[in-house]
Amino acid sequence: MVHAPPRPPAGAPPVRINLYSDTQTRPTRAMKEAMMAAEVGDEQFGDDPTVTALCDRMAALMGKEAAVFLPSGTMCNVIAIRTHCRHGDEVLAHETSHILSSEGGTHASLTGVQIHPLQGEYGLFTEATLRAAIRPRTRYAPPQRLLEVEQTANIGGGVIWPQAQLDAVVAVAREQGWATHMDGARLMNAVVASGIPAAEMVAGFDSVWLDFTKGLGAPLGAVLCGSADFVDQAWHWKQRLGGSMRQAGICAAACIHALDHHVERLAEDHANAKALARGLRQIPGIVVQEPDTNLVFFDPREAGMAPDALVAALRAEGVQISALGGRVRACLHLDVTEAMVEESLGLIRRILAR
Ligand SMILES: *Cc1c(COP(=O)(O)O)cnc(C)c1O
C-alpha cells in the first residue's frame, strides 16, 4: 500500500492539541459566514466576482500584474514550473524543497524538469553555492532555466531568507537569464515576522504564490501571481490540469476573509513558537532550533527519546505532532493557544521524566 499520513493507534484519545500542521486549521465561524455571503459566478468563464476580487488584491499585495486562483499550492508550483520551463530543463532548488520531497514526483511525471538539489543550512543556500551549480552552456548540459526558493523554508525550520541573501541569489539568476519562482506557501509568516512588505520581498521574482490553507486558515486555495503574460499562460495549464473551477467564490471569500483577519495575528503564532522553544530549551537534553516564524523543530534524542517515540507518546496524551527530517516539528497556528503550548510543554516534561 502507498504510504498515507499516520492514522491514530486504536484507542488513542481524540486530538486536543494539534501541533501537527498549520494545514489542519478549521475555518472559523466568521470565515464560514463570509463564505455563505459570497457573490459567485463561473470562475472558468472569468465571471466570479469574489475570485476576481481576490486575484486583484493578491496581485496588488505582491506588486505583480496579475494573479490566478488555484485549488492548492502544489498546483501553483506545477503550473509555474510548467509555464517557465520546457521538458528537460533544469530547476535549481534547495535539496529539502517541497518540489523535490513532497509533490509525488510530479516534476518527473508532469513538468518534465530535472531539479538540481542545492545544499545549505536551514533550507537556504548562498550565492556561492548557486554559482558553483552553474553549468556550461553546451550540448551536454541540461538547460538551466529557473531558480526556485521557499519562503519560509519549511524543512529548514520555517526560516526566513535574509533579504540580502535572497537578493543575491536572484541577482545570479538574472545574470544567467534564468526565471525566478518563489514557493511562498508561508510567505505572510515571513512578511509579518520581518516587517518587510510582501511586494518588496518578492520584487525579484517572476512568479510567487501564497497558500491560504496554512496559517491563514482557509479550507482550500492558493493564488499564483506574476506578469499578465505569465498568468495568461498559467491559465492554459490550469485548464489542462482540471484546475479551472466554477462557483469558486465560496472559497475565494474564505481567502479574502483570511487576508482581512488572519494575517496580523500570525504574530501570535510566532510568539507561541518562541514560548514553546524557550520552554523546550529548559528541558535537559532537548536541542531546539530558534524559530523565526511558526515552526519549531527540536531533537529529543539527547533527552533519551527518539523523535518517533515522542510523537507516539504525545499522541497517546491527545497531542498531535510530527517527526520530520529526523527531528520533531511543532507547528503553531490559529487553533493553538498559549495555554495549549504550556500544557504541551508540561506533557513533554512528564513523558521525558518517565
Ligand atoms: C504546503 C506546502 C506546499 C504545497 O501546498 P498544498 O496547498 O498543500 O498543495 C508547497 N510548498 C511548501 C513549502 C509547503 O509548505
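For VAL223, are the conditions met, namely being assigned to a helix (DSSP H, G or I) and either in contact with a Gly (Cβ under 8 Å, 6 or more places away or on another chain) or crowded, with 24+ Cβ neighbours inside 10 Å (or both)? Explain how you work it out, then say what you get.
Values: assigned to a helix (DSSP H, G or I): no; either in contact with a Gly (Cβ under 8 Å, 6 or more places away or on another chain) or crowded, with 24+ Cβ neighbours inside 10 Å (or both): yes.
In short, no.
Step by step: first the residues of segment 340-354, then only those that are assigned to a helix (DSSP H, G or I) and open to solvent by 70 Å² or more (accessible area, probe 1.4 Å), then the one that is farthest from GLY318 (Cα to Cα). Which residue is that?
Applying the first criterion (assigned to a helix (DSSP H, G or I)) to segment 340-354 yields 340-353.
Next cut, open to solvent by 70 Å² or more (accessible area, probe 1.4 Å) only: 342-343, 349-350, 353.
On the way: GLU342: 14, GLU343: 11, ARG349: 15, ARG350: 14, ALA353: 18 Å.
Here the answer is ALA353.
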Item to check | So ILE155, is it among the hydrophobic types (A, V, I, L, M, F, W, C) and within 16 Å of the ligand (Cβ to nearest atom) | outcome: yes
Checklist entry - Since GLY104 meets every condition but one in (1) away from the ligand (no atom under 16 Å from the Cβ); (2) modelled with pLDDT under 95; (3) part of a loop (DSSP other than H, G, I, E, B), which condition does it not meet? => result (1)
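Out of all the residues in segment 299-326, which are within 19 Å of the chain's Cα centre (by Cα) and either within 22 Å of GLU342 (Cβ to Cβ) or acidic (Asp, Glu) (or both)?
Kept after step one, since they are within 19 Å of the chain's Cα centre (by Cα), are these residues of segment 299-326: 321-325.
Result: ILE321, SER322.
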Checklist outcome for this item: Of the conditions (1) away from the ligand (no atom under 16 Å from the Cβ); (2) of a type in the set (A, V, I, L, M, F, W, C); (3) over 20 Å from the mean Cα position of the chain (by Cα), the single one that LEU110 does not satisfy is (1)
Checklist entry - Looking only at segment 199-209, which residues are away from the ligand (no atom under 16 Å from the Cβ) and assigned to a helix (DSSP H, G or I)? => result ALA199, GLU200
Checklist entry - Which condition breaks for PRO117 when tested against (1) within 16 Å of the ligand (Cβ to nearest atom); (2) without any contact (Cβ under 8 Å) to a residue 12 or more places away in the chain; (3) of a type outside the set (A, V, I, L, M, F, W, C)? => result (2)
Checklist entry - Any idea how many residues of segment 167-185 are open to solvent by 10 Å² or more (accessible area, probe 1.4 Å) and within 16 Å of the ligand (Cβ to nearest atom)? => result 1
Checklist entry - Can you tell me how many residues in segment 313-339 are out of contact with any Lys or Arg (no Cβ under 8 Å at 6 or more places or on another chain), hydrophobic (A, V, I, L, M, F, W, C) and crowded, with 16+ Cβ neighbours inside 10 Å? => result 8
Checklist entry - Do the conditions hold for GLU268, that is, is it away from the ligand (no atom under 15 Å from the Cβ), within 30 Å of PRO307 (Cα to Cα) and among the acidic types (Asp, Glu)? => result yes
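Just checking, does segment 210-218 include any residue being away from the ligand (no atom under 16 Å from the Cβ), open to solvent by 20 Å² or more (accessible area, probe 1.4 Å) and assigned by TED's automatic domain parsing to the domain that holds CYS76? Let's see the steps before the verdict.
Of all residues in segment 210-218, those away from the ligand (no atom under 16 Å from the Cβ) come to none.
So far as segment 210-218 goes, no, none of its residues is away from the ligand (no atom under 16 Å from the Cβ), open to solvent by 20 Å² or more (accessible area, probe 1.4 Å) and assigned by TED's automatic domain parsing to the domain that holds CYS76.
The values are calculated or read from the model by the stated rules, or taken from the named source; none is laboratory data. Computed from a prediction, not measured in an experiment: that's the story for all the values here. We place every Cβ from the backbone using ideal geometry, glycine too, and count neighbours over all the protein chains shown. SASA here: full protein model, heavy atoms, side chains in, ligands and nucleic acids out. Shrake-Rupley method; radii C 1.70, N 1.55, O 1.52, S 1.80 Å.
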